[in-house]
Amino acid sequence: MREIGRTGLRRLGGGGSAGTAGRPAHLAATAERATLLYIEDNRDNWEVTELQLRRRFDLVWARNDEEACKALSDESRQFAAVLMDIELQGSRLSGIDLTKLVRGALDTSKLPPYAKQVPVRRDLPIIFVTGYSARYTENELIAQGGNRMLTKPVNFGELSMALSALAFGASSNTIAGPQKSSQVSGVARLLTDNPRFHAHLKSLAEAGLFAPRGYASDVGALLGTLGKQGVDAAAVAATVLDLVHRRSDMSGYLTALVYRRAIACHLIATRTAVVDVERATATGFLLDAGLLIRAIHDPAGALEIGMAPAASRLQREHVGNEIEHPERILEVAQAWNLDEDMIVAVQSHHEREVPGDALARVAWAAERLAAVFETGDIVANNAAAMATGKALGLMSKDVEALLEELPDRVRLLGETTDTELPAQTPYKTWIGSATPPLAVLARAYRELESTSEALLAEKRGLADRLASANDILAASHKKDLALIAAVQTMLLPRDTLVRRDRVQLAAFYRAADDCGGDWWWHDQDEERVRVFIGDVSGHGAGSAMVTGSIASATRLARTLSPHIGAVDLLQLLHNELWGMAHGDYHMTMAILEIPKQGSTAHIYSAAAPHILAMNAEGKVSAAVTRGTPLGLPTETFTVGRAEVSVHPGSRLMCFTDGLYEFHTASGQELGVRSMRKFLSDSRNLPLDEALRGIMRSVDAVHPRDVPQGDDMTLVLIDIA
């Protein structure tokens, strides 16, 4: 597997003329886009995420485990990362299973055929995306082979930051930031473990940074000259250089932005002596390094920001809901233990007002000096650079001298670090290229920026109002659901522990978060006890209303015709539901008839789940029934039938599918087999304790903090 975003940027720059350098309008079009694989079973989640990300990434959608395996096995596709749903309803392999498969940690002997060809890719970034962030901790998912966890819907800024951190983390073992050891052995270990550090240090010294140029050939003298603080500062710069050199196709244009700020900081600190030169230079390397990091997975987006006028870059990132490039480098450099004044300098170098801290002032001024040679209004940029002299105690001629020196020093740094940069135009030539039309265009651009900022502020205000309205609507919806659930409960028997001659039954009902359509009932006549258990398709108010209608129709039919047979009753309910809903809703139902005398109970089913029976010896069997759901569009309605023995000591178990058709924390469906075990485990418990024990077993395997997606109804029946 190639490294994340390996296709990245083609080699750019190095061929431009002096008159066009710094205004590469063609560059963004040449940047290739990274491709992401999104494994997600829900179309709505896919569409929202695709809307968020399609401007920056090419997305491939896999709706289930089979499509995911096909995409991962396709050698013609190289994915920068995988966005992995956890549940994957309807798939044999969950998202966790697929992750283990990609990492080579899954037992291949039990894999479905389509999964056997998936290659092991331990370096492929896998980011879990979940709607329930509290269900798993990020550490738990990382332990399963993932790299990060994000919540749905996936936000571009969060994803981009995660990819930046992963990409930079993959390269951080090369230089790994400033060293905090004061012992020579620490530096020696750095040189042994990271030989590129020596090369980077020599390149910097040859460019006149961190040490006089004459020291470049003698690393021992160089290290002695730098001292601990100098080595720390040089390590920051070397880490940025390592980021540049880890890709041969890295954009020279973006690298020039970084080098220009580093040299500007170096020149300002040398001329003013207000801060340590080495620390100022290291800070300069960080100012735009966030763009280099972003370019690894989003080259077009990084170039788009880098080609904007320097003063506009943060605004562009705000409008695009992107992470600011100063925060991006600071986020991935947390382990470096940067000094607080360096962090402040990076964070504040785009501020409109002059920062108070000395190092921050140098970085702030360097940003304005560098901006002179970049896009925008050349005259206005130059005026802003000249105004920095007052904050630094420099005269205009001193600032002008710095600007005249800057292009040559950037060119030299490019040569010593073997980095291909765009042609560096001399200051006087650059200023001479300013034209009135360009100034007019720059002013129009600034006006457009102001309009964008105003629209963004309005958008945020509307978003706040929408969030408030959604909160009110959610509260109202919750109140409506509570009312519906209360009405639905009225349709159920008041008593959940009942004795009818030799028959004792105990029942449990719990509505889903978005109320569903379960219903159960019991009655008796001279000869038998009848138990009804049904489940309407769907959830919400509609299903609850259908449940109420069927419950009322059942009791009315039993009242008007006490001796109506189960088959006739199911036929009547089928006709009633079809006439009411015309196929939009259907309902499964089972009627269990237990004789007051005799040893055989009869089951009549309209596609209801199996009924389980346990005899006095503890052996569990399933009464398998078929039949047609009530209200289903069909020319022939059929009722499934079965019989079950009901000797003294027998225990019967009836339930709706919400009790077992959910995915456990391991990603597998609970299934009827588990219900058989739960029933068997209850053998020696009294009926009410057995009911509570079975529900505790169900709840123990239900994922934590995942809303209950369907009603759960359980009826246990003991025969005396």
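Laboratory data are not the source of any read-out in this text; all were calculated from the coordinates shown. Since this is a predicted model, take the numbers as computed values, not measurements. Ideal geometry is used to build each Cβ from the backbone, glycine not excepted, and the neighbour counts take in all protein chains shown.
Gain on full extension, evaluated as 0.36 nm per residue between HIS318 and ASP408 minus their Cα-Cα distance, stands at 29.0 nm. Couplings 3J(HN,Hα) for the range 593-602, derived from phi with the Karplus relation 6.51 cos²θ - 1.76 cosθ + 1.60 (θ = phi - 60°), are 10, 10, x, 6, 10, x, 10, 10, 9, 10 Hz, where x marks Gly and Pro. Under 1.5 on a/c is rounded, so check that first for the range 327-430, then, if it is not, pick prolate when a/b is larger than b/c and oblate when it is not; a ≥ b ≥ c are the square roots of the alpha carbon gyration tensor eigenvalues. Oblate, because a/c is 1.5 or more while a/b does not exceed b/c. For the peptides 342-351, 142-151, the ranking by packing is 342-351, 142-151, with the highest mean count of neighbouring Cβ atoms within 10 Å listed first.
When you count the other C-beta atoms within 10 angstrom of each residue and take the mean per peptide, 354-366, 313-325, 549-561, 329-341 line up highest first as 354-366, 313-325, 329-341, 549-561. Were the residues from ARG641 through GLU50 laid out at 0.36 nm apart, the gain over their Cα-Cα distance would be 207.9 nm. Projected label points at MET490 and ASN42, each 7 Å from Cα along the beta carbon direction, are separated by 3.3 nanometres. Using the Karplus relation 6.51 cos²θ - 1.76 cosθ + 1.60 with θ = phi - 60°, the per-residue 3J(HN,Hα) values for the range 353-358 come to 9, 6, x, x, 6, 4 Hz, with x marking Gly and Pro.
Distance from the C-alpha centroid of the range 320-361 to that of the range 75-114: 40 Å, rounded to the whole angstrom. Each Cα pair of the range 534-665 feeds into the Kirkwood radius, which the Stokes-Einstein equation turns, at 20 °C and 1.002 mPa s, into a diffusion coefficient of 136 µm²/s.
Between THR108 and LYS397, the modelled labels are 7.6 nm apart [label points 7 Å from Cα along Cα→Cβ].
Estimated from the Cβ-Cβ distance and a Förster radius of 22 angstrom, the FRET efficiency linking GLU67 and ARG673 is about 0.20. The distance separating the Cα centre of the range 680-714 from that of the range 627-654 comes to 23 Å.
Using the Karplus relation 6.51 cos²θ - 1.76 cosθ + 1.60 with θ = phi - 60°, the per-residue 3J(HN,Hα) values for the range 294-303 come to 4, 5, 5, 10, 9, x, 5, x, 5, 5 Hz, with x marking Gly and Pro. Extension gain for GLU458 to ARG555 (0.36 nm times residue separation, less C-alpha to C-alpha distance): 29.2 nm.
For the range 250-367, the relative contact order comes to 29 percent (Cα pairs under 8 Å, sequence separation of at least 6). With contacts taken as Cα pairs under 8 Å and at least 6 residues apart, the range 561-715 reaches a relative contact order of 21 percent.
Distance cut-off 18 Å, Cα to Cα: go down the list LYS70/LYS100; LYS390/LYS428; LYS397/LYS428 and report the pairs above it. Those over the limit are LYS390/LYS428. Taking Cβ atoms as reference points and 10 Å as the exclusive limit, the residues near ASN45 contribute a net charge of -4, counting Lys and Arg as +1 and Asp and Glu as -1.
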